[in-house]
Amino acid sequence: MSARNSGVAGSIDELRLLVESAAARRPQLTTRLEKAAFLVLLRPIYPLDSDVWRVTAEDGLRFYTVRRGECECSDYLRHGPGHPCKHRLALFLHRALQAKRGCGKVAGVRKT
Ligand SMILES: [Zn+2]
């Protein structure tokens, strides 16, 4: 609510808005999107190669590699190509957040 919107609180606001808009489009994904948001906030997600990402699991012990949109988790393998497992959703949220901030620090520019 204050002008301090460039730190963690600002990121959480942005993340919540992303989750809300994605869940509005696909309500059946709401719970999984919220789990994905948890991963984005609390677990490391980092690139290994071009379009190859490592997403740390909910337990913080394991990790999954998402290679060109294909995840290696059992949920994804069970449902098949295109399945929105929480790691793919986490990666989607992570990249959307990065895109919003133009991969750099954006001082809180806000219209009132
Ligand atoms: Zn997965």
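The values are calculated or read from the model by the stated rules, or taken from the named source; none is laboratory data. Every value quoted in this text rests on a predicted model; they were computed, and no experiment measured them. We place every Cβ from the backbone using ideal geometry, glycine too, and count neighbours over all the protein chains shown.
Summary table
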| read-out | value |
| --- | --- |
| Residues being touching a strand residue (DSSP E or B) at 6+ places or on another chain (Cβ under 7 Å) and surrounded by 19 or more Cβ atoms within 10 Å (Cβ to Cβ) - total across region 10-44 | 1 |
| Unique residue being modelled with pLDDT of 95 or more and more than 15 Å from the chain's Cα centre (by Cα) when the list is Leu89, Leu77, Leu39 | Leu77 |
| The one condition in (1) at pLDDT below 95; (2) within 10 Å of the ligand (Cβ to nearest atom) that Gly102 fails to fulfil | (2) |
| Condition check for Ser11: among the polar types (S, T, N, Q) and more than 15 Å from the ligand (Cβ to nearest atom) | yes |
